[in-house]
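Student: One structure is given below, represented as structure tokens, and several questions about it will come after.
What follows draws every value from the coordinates through simple rules; no lab data is involved. If you're wondering where the values come from, they're calculated on a predicted model, not measured in any experiment. Methodologically, a virtual Cβ is constructed for each residue, glycine included, from the backbone with ideal geometry; neighbour enumeration extends over all protein chains shown.
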Amino acid sequence: MSEPITTTPGIVPVPGVKRSSGPRSLLPLGSAYAFGRDPIRFALDMWHRYGDIVRIRFLFWHGYLVFHPDQIKHILQDNHRNYTKDIFTLNAFKAFVGNGLVTNDGDSWLHQRRLMQPAFHRKRLAAFGTLITGTTVEMLERWQGFAEQGQPLDIAVEMMRLTLRIVGQSLFTIDLSNETETVGRAVTTLSKLVLDYMSAPFPPLWIPTPRNRHIMSALRTIDTVVQDIITARRQQHTESGDLLSLLLSARDEETGAGMSDKQVRDEVMTLLFAGHETTSNLLAWTWYVLAQHPEVEQRLHAELDAVLAGQRPSVEHLTNLPYSRMVLEETLRLYPPAWSLARKARAGDCLGGYAIPAKSVILMIPYVTHRHPAFWEEPERFDPERFTPERAAARPRYAYFPFGGGPRQCIGNNFALMEAHLILATVAQRYHLHLVPGHAVEPETLLTLRPRYGLPMTLKPTEQHQLR
Ligand code: HEM
């Protein structure tokens, strides 16, 4: 898995430090084509052939695939200052979300993260519980007709709509439903075009090609609504308890300064994008795995029946619903919505005994590490029992990192888990979901990992629900 160190211009060989091996692509694009076509298959294949650190080339860039938890810990946590988010694709994402938390870097990122962290405190988030279950129940009422007629619904689309409504309402408390529709439509359009633009940002946005005009029009729609809301809120001086009001009232501890309108806009856009598609895909995959594992589904229903006894789930119930939480955690292992994380090395480094030159692009792929056989027995088997507190504590921290780690760990992780837990309990209390027989399901690596052909499912009322 290693080869003797060779001298590359600009790299000083260190005695005892090896150069990692990888494919010798003679194509001008290096591994970019194979990676772009099917990144997960490519990464799994590289890991099988070359091991835990694999050197690849993208055009002129050195790239490294890093799969081992120890090295992931080094990058995300121990030596995180050496690894920036100054990555080609993330820079393209800036055209949409500006300098929000996901794309920001260095001191400016740290300043923003400190300002925003209190808004995501677990206790504050609990206030959104009723909003989440209420919005879910509204969706279930719409499902009733489909259930009665045995008509399938695309559950991936349903989960996307639901989490978009929830993030919109938690961010702005938009009860102006027409505007929600407009923003919702624009965000959906943009979500589809973001990836296209991120993978090929040519021609740049200021050249009015049909795609770019489409992007700009959706961006203007969202910007206008977001800007109007910020202006109105600044004038009102009232607290509405949503995330936006927390961002507007956040103050730097030392200087007392708040965020500018531009910074608030960028953070809001970032939360809109980062905060719905990931959670929606976690839920879509959860319905899929439950439909494949009746014994797990049965245990989940037994827990819900015993704890809820027919009541609507609330945040207070969640600590008494550990099995449903473990189902979500195991789904995040097999189908991590954020399927890859990228960094660029500022200076050369040494990873697991291998020399990494400055400016190398590092890719960490939770989808592969979450199947690493040194840490996961029978990795492909769906088994929520892996997440009992004892078994989880016995694993290295970075064998499992669906929310990343270190200082840049997902700020919305508690929100996402609370939201998914409440939605899972509220829906499962009423329905069993069955995949339409013969429908092909496979992961597709877009911005997030989603079911490629959607998820048509039929609904069967639970006994609890029938009794009502
Ligand atoms: C299941 C749902 C979610 C998953 C799997 C997920 C995953 C991730 C991951 C892996 C990162 C780190 C990326 C990196 O280090 O390169 C991240 C960052 C981030 N996430 Fe999430 N996320 C989820 C839900 C949310 C939600 C609900 C929000 C907001 C409401 C959110 C907001 C953010 C933000 C702002 C960052 C950037 C944090 C920073 O760099 O300071 N995420 N997320």
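Student: Translational diffusion coefficient, Stokes-Einstein: compute it for segment 250-369 using the Kirkwood radius over C-alpha pairs as Rh, at 37 °C and 0.692 mPa s, and state it as an integer in µm² s⁻¹. Numbers along the way, then the final one.
Tutor: Values: Rh = 18.7 Å.
It comes out at roughly 176 µm²/s.
Student: Something else now. Over 29 Å apart: what share of the alpha carbon pairs of the chain falls there, rounded to a whole percent?
Tutor: On the way: 56498 of 109278 pairs.
It works out to 52 percent of all Cα pairs.
Student: Semi-axes of segment 394-468's equivalent ellipsoid from the Cα gyration tensor, sqrt of 5 times each eigenvalue, largest first, rounded to whole Å?
Tutor: Equivalent-ellipsoid dimensions as semi-axes: 30, 20, 11 Å.
Student: Across the chain, how many lysine pairs, 8 or more positions apart or on different chains, have C-alpha atoms separated by under 13 Å? Please give the number.
Tutor: 4
Student: How high is the relative contact order of segment 330-468, given as a whole-number percent (alpha carbon pairs under 8 Å, six or more residues apart)?
Tutor: The normalised contact order for segment 330-468 reaches 23 percent.
Student: Can you give the alpha-carbon Rg of segment 53-211 over 2.2 N^0.38 Å, where N counts its residues? Write out the running numbers ahead of the final one.
Tutor: Values: Rg = 20.6 Å, N = 159, 2.2 N^0.38 = 15.1 Å.
Ratio of Cα Rg to 2.2 N^0.38 Å: 1.36.
Student: So what are the radius of gyration and Dmax for the Cα set of segment 259-305, in Å?
Tutor: Taking only Cα atoms of segment 259-305, I get Rg and Dmax of 17.8, 52 Å.
Student: In the chain, if the dipole is taken from +1 on Lys/Arg beta carbons and -1 on Asp/Glu beta carbons about the Cα centre, which of G454, S360, A119 is farthest to the positive end?
Tutor: So the residue furthest toward the plus end is S360.
Student: Can I ask one more? Give the Rg/Rh ratio for segment 290-347, taking Rg as the radius of gyration of the Cα atoms and Rh as the Kirkwood radius, to two decimals.
Tutor: My calculation puts Rg/Rh at 1.21.
Student: Over the chain, what is the mean sequence separation of C-alpha contacts under 8 Å (at least six apart), divided by residue count, expressed as relative contact order in percent?
Tutor: 24
Student: Taking amide H positions as placed in the peptide plane 1.01 Å from N, state which residues far from R452 in sequence (5 or more) or on other chains have amide H under 5 Å from it.
Tutor: Answer set, sorted by chain and number: E442, E444.
Student: Follow-up. Mind checking the alpha-carbon convex hull of segment 313-384 and giving the volume per residue in Å³?
Tutor: 136
Student: Here is a follow-up. Let me check against my output: what whole-number percent is the relative contact order of segment 223-374, with C-alpha pairs under 8 Å and at least 6 apart?
Tutor: Details: 107 pairs, mean separation 23.5, N = 152.
Dividing the mean separation by the residue count of segment 223-374 yields 15 percent.
Student: Further question: Report the normalised scattering of segment 307-447 as log10 I(q)/I(0) at q = 0.10, 0.11, 0.13 Å⁻¹, calculated by the Debye formula with identical scatterers on the alpha carbons.
Tutor: Each listed q maps to, in turn, -0.46, -0.54, -0.73.
Student: Provide E330, E254 in ascending order of the number of other Cβ atoms located within 10 Å of each residue's Cβ, fewest first. Could you put the intermediate results ahead of the total?
Tutor: Details: E330 22, E254 6.
By the 10 Å Cβ count, ascending: E254, E330.
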